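Peer 1: Next up is a structure, given as C-alpha cells.
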Amino acid sequence: MVINRMTVAMLLVMIFALSACGNNDVESGDEGSGNKKWNEIQDAGELVVGTPGTLIASSYYEGEGKEKEQLTGYEVEVMREIGKRLDLDINFEIIGFDSVLAAVKNGRIDIAGMGITDKRKKKFNFSDPFKYSYTTMVVREEDYSGIHKLEDLEGKKAGGAASTVYSEIARKFGAEVKTYGNAPNEAYLRDVNNGRTDVVINDYYLSKFGVAAFPQFDIMLHPELKFHPTRKGIVMQDGADQLTREINSALAELREDGTLTKLAKKFYKEDASIKPEGDIREIDGLDF
C-alpha cells in the first residue's frame, strides 16, 4: 500500500508537471509570446503606417495637382520596402506627430517612424534604428536670431509641435514654444522669417531640406550648433514582439543589401542610415 501510494503521488506530480508545461505552451502561443498583433496584420494582409506627409525629404507629397501627387520620402520608401519583404501591402494614414503614439496604442495605426527614447521604450516596442541624425536650429540669416549657443534660447520664441523632444529642448533652455498642428515646413519657417518666432529646433536633415525649399526666406541652418544625437526607429504596440522581430529582420536585409544607404542618399544626399560624425553636444536631463 505504501508503494502504491507513492506511485500514485508520483503520477500526480507528473500529471501536474505536464499540465504546467501544457499551460506554458498555451501562454507562449499566439497571444502570450506577442504574436497577436503580427497575426492580425497577416490576416489583414497590410500594415497601416502613420506618417505626416508634410516633411520634405522624409514624408511629403511630390508633383503638382492632386492627380499627380505622390507620397514619398526616405521614411515612406523605407516603409514600402519593409512591406515588400514581409509580403504585406502598406496603407499610409496621414497623421500629426502629437497623435502618433495614441494611434499606435489604440490600434488605429500599426506602426510609424518615431525617435527612440528610454521613456517611450517603457510603453511601446521599437525596432532597430533606420535613421541616425542630430539636432540643429533654423535661424534668421542676418543675425542668427541672436542665438550663438543653446543658452541664448532664453526668452526666444521657438516654433514646434507640442510633444517633441525638440520643443522640450527649447523649454529646457528657457524659450517659449509656439505650437503647431500637422503643419507643413513652410508655416514653421515663414514664422522665423517674419519674426513671429525666432527659431525652429529640429532634425538636421529635415531642417536642411526645409531651408533649401524656401530660398525666398531670410533663414539658414545654424552653422555652429550640433546637439542631441537622435535615432529613429519604428514604433509598435507594447508587447508586439513578433511584429518587432519581423520588422527588424526586414530592416537587417535593407541594411545588408544597401537599400537603406541608397534611399538615404537619394532623399537626404547623405547617408542618414549610419551614425553622423563630429562633435555633437549631449543634453542631460531630457525626460522624453
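The values are calculated or read from the model by the stated rules, or taken from the named source; none is laboratory data. Only a predicted model underlies this, so the values are computations on that prediction, with no experimental measurement involved. So basically every Cβ, Gly included, is an ideal-geometry build from the backbone, and we count neighbours across all protein chains shown. Accessible surface areas use protein heavy atoms only, side chains included; no ligands, DNA or RNA. Shrake-Rupley method; radii C 1.70, N 1.55, O 1.52, S 1.80 Å.
Peer 1: K275: which aspartates and glutamates have alpha carbons under 17 Å from its alpha carbon, excluding same-chain residues fewer than 8 sequence positions away?
Peer 2: E75, D128, D203, E256
Peer 1: Also, I was wondering about something else. Scaled to the compact-protein estimate 2.2 N^0.38 Å, what is the alpha-carbon radius of gyration of region 78-217, rounded to two decimal places? It would help to have the intermediate numbers written out before the result.
Peer 2: On the way: Rg = 16.8 Å, N = 140, 2.2 N^0.38 = 14.4 Å.
Normalised Cα radius of gyration, region 78-217: 1.17.
Peer 1: Ok, one more. Go ahead and run the numbers for FRET between A102 and R171, Cβ-Cβ distance against an R0 of 22 Å, rounding to 0.05.
Peer 2: Details: r = 21 Å, r/R0 = 0.97.
The value I calculate is 0.55.
Peer 1: Within the set of other residues whose C-beta is less than 11 Å from the C-beta of A161, count the net charge using Lys and Arg as +1 and Asp and Glu as -1. It would help to have the intermediate numbers written out before the result.
Peer 2: Details: positive: K178; negative: D98, E168.
With Lys, Arg at +1 and Asp, Glu at -1, the net is -1.
Peer 1: Net charge within 9 Å of K123 by Cβ-Cβ distance, Lys/Arg positive one each and Asp/Glu negative one each, not counting K123 itself?
Peer 2: Every neighbour counted, the sum reads +4.
Peer 1: As a test question: what accessible area, to the nearest 10 Å², does F214 have when a 1.4 Å probe is rolled over all protein chains in place?
Peer 2: Answer for F214: close to 30 Å² accessible.
Peer 1: Taking 41 Å as R0, compute the FRET efficiency from the Cβ-Cβ separation of K123 and D257 and round it to 0.05. Mind showing how you got there, number by number?
Peer 2: Details: r = 32 Å, r/R0 = 0.79.
After rounding, the FRET efficiency stands at 0.80.
Peer 1: So what's Rg/Rh here for the chain, counting alpha carbon atoms and using the Kirkwood radius for Rh? If you can, show how the numbers build up before the last one.
Peer 2: Working: Rg = 24.0 Å, Rh = 21.1 Å.
Result for the chain is an Rg/Rh of 1.14.
Peer 1: To continue, here is another question. What does the accessible area of K232 come to, in Å² to the nearest 10, when a probe of 1.4 Å is used?
Peer 2: K232 has an accessible surface of roughly 50 Å² with all protein chains in place.
Peer 1: With the dipole of the chain worked out from charges on the C-beta (+1 for Lys and Arg, -1 for Asp and Glu) around the Cα centre, which of Q70, A162, H222 lies farthest toward the positive end?
Peer 2: Of Q70, A162, H222, it is A162.
Peer 1: Looking at region 142-171, which trypsin sites (Lys or Arg not before Pro) are in a loop (DSSP not H, G, I, E or B) and have at most 15 other Cβ atoms within 10 Å? Working shown, then result.
Peer 2: On the way: sites: K149, K156, K157, R171; in loops: K149, K156.
Filter output for region 142-171: K149.
Peer 1: Name the trypsin sites (Lys or Arg not before Pro) in region 88-119 that are in a loop by DSSP and that have at most 16 other C-beta atoms within 10 Å, would you?
Peer 2: R108
Peer 1: Between the helical axis of 185-194 and the dominant principal axis of the chain, each derived from Cα atoms, what acute angle in degrees is found, rounded to the nearest 10?
Peer 2: Relative to the chain, helix 185-194 is tipped by roughly 30 degrees.
Peer 1: Going by alpha carbons, how many degrees (0 to 90, nearest 10) lie between the helix axis of 241-256 and the longest principal axis of the chain?
Peer 2: Roughly 50 degrees, rounded to the nearest 10.
Peer 1: With N set to the number of residues, divide the alpha-carbon radius of gyration of region 134-228 by 2.2 N^0.38 Å and report two decimals. Could the numbers behind the result be given before it?
Peer 2: Working: Rg = 11.5 Å, N = 95, 2.2 N^0.38 = 12.4 Å.
Expressed relative to 2.2 N^0.38 Å, the Cα Rg reads 0.93.
Peer 1: Rounded to the nearest 20 debye, what is the charge dipole size of region 205-276 about its Cα centre when +1 sits on each Lys and Arg Cβ and -1 on each Asp and Glu Cβ?
Peer 2: With Lys and Arg at +1 and Asp and Glu at -1, about 240 debye.
Peer 1: Restrict the search to region 199-259; then list the chymotrypsin sites (Phe, Trp or Tyr not before Pro) that DSSP places in a loop and that have at most 14 other Cβ atoms within 10 Å of their Cβ. Display every interim value, and only then the final one.
Peer 2: On the way: sites: Y204, Y205, F209, F217, F227; in loops: F217.
Answer in residue order: no site qualifies.
Peer 1: Could you order R245, R80 so the one with the most accessible surface comes first? Probe is 1.4 Å.
Peer 2: On the way: R245 120, R80 65 Å².
Heavy-atom accessible area, descending, gives R245, R80.
Peer 1: Turning to a different aspect of this structure: Using the Cα centre of region 134-228 as the reference point, and only Cβ charges (+1 on K/R, -1 on D/E), how large is the resulting charge dipole? Debye, rounded to the nearest 20. If you can, show how the numbers build up before the last one.
Peer 2: On the way: 11 positive and 14 negative charges, 49 e Å.
Dipole about the Cα centre, nearest 20: 240 debye.
Peer 1: Where does the charge balance sit around R140 when Lys and Arg score +1, Asp and Glu -1, over other residues with C-beta under 14 Å from its C-beta? Present the calculation step by step, with values, prior to reporting the outcome.
Peer 2: Values: positive: K156, K157, R190, R196; negative: E141, E142, D143, D152, D191, D198, D218.
Net charge around R140: -3.
Peer 1: While we're on this one: About its Cα centre, how strong a charge dipole does the chain have in debye, to the nearest 20, once Lys and Arg get +1 and Asp and Glu get -1 at the Cβ? Mind showing how you got there, number by number?
Peer 2: On the way: 37 positive and 48 negative charges, 87 e Å.
Dipole size: approximately 420 debye.
Peer 1: How are the Cα pair distances of region 118-181 distributed, in percent, across 5 Å bins from 0?
Peer 2: Binned Cα distances yield the sequence 4, 14, 21, 21, 17, 11, 7, 4, 1.
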